[in-house]
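Single-structure report; data block below.
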Amino acid sequence: MSEKRNRQDQKRRLLAAKYEWRRKLSKSFCKDPELPSDMRDQHRSKLSKWPRNSSFARVKNRCTFTGRSRSVYKFFRMSRILFRGLASRGSLRGIKKSSW
């Protein structure tokens, strides 16, 4: 199941990256009060026709190994549970589990 989630997340990331500039440009046109309302409506309709997964709001940080969506460290892209286990074994470079 985690492989399916990771593939779906990767597809969303690629789609969001593809449409990023277009979405930002259309959103800025929609918010500009100096433009005529018909032009703003035109850009709003353009936004609604693009795929929903092209929005970065729909991208979820997931652990690349387990597929877990909660408590994922963004820098390592792994869950805290897996991170703690690897850190205590010394498998991560530059990371050392502290104890005092």
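The values are calculated or read from the model by the stated rules, or taken from the named source; none is laboratory data. Treat the numbers as computed from the prediction; the structure is a model and nothing was measured. All Cβ positions, even for glycine, are placed from backbone atoms using ideal geometry, and neighbour counts span all protein chains on display.
Numbers below:
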{"item": "Counted residues, region 26-47 - those being of a type in the set (A, V, I, L, M, F, W, C), free of Cβ contacts under 8 Å to residues at least 24 places away in the same chain and surrounded by 13 or more Cβ atoms within 10 Å (Cβ to Cβ)", "result": "3"}
{"item": "Candidate set from region 59-76 (those that are surrounded by 14 or more Cβ atoms within 10 Å (Cβ to Cβ) and closer than 30 Å to residue 22 by Cα); member that is modelled with the highest pLDDT", "result": "72"}
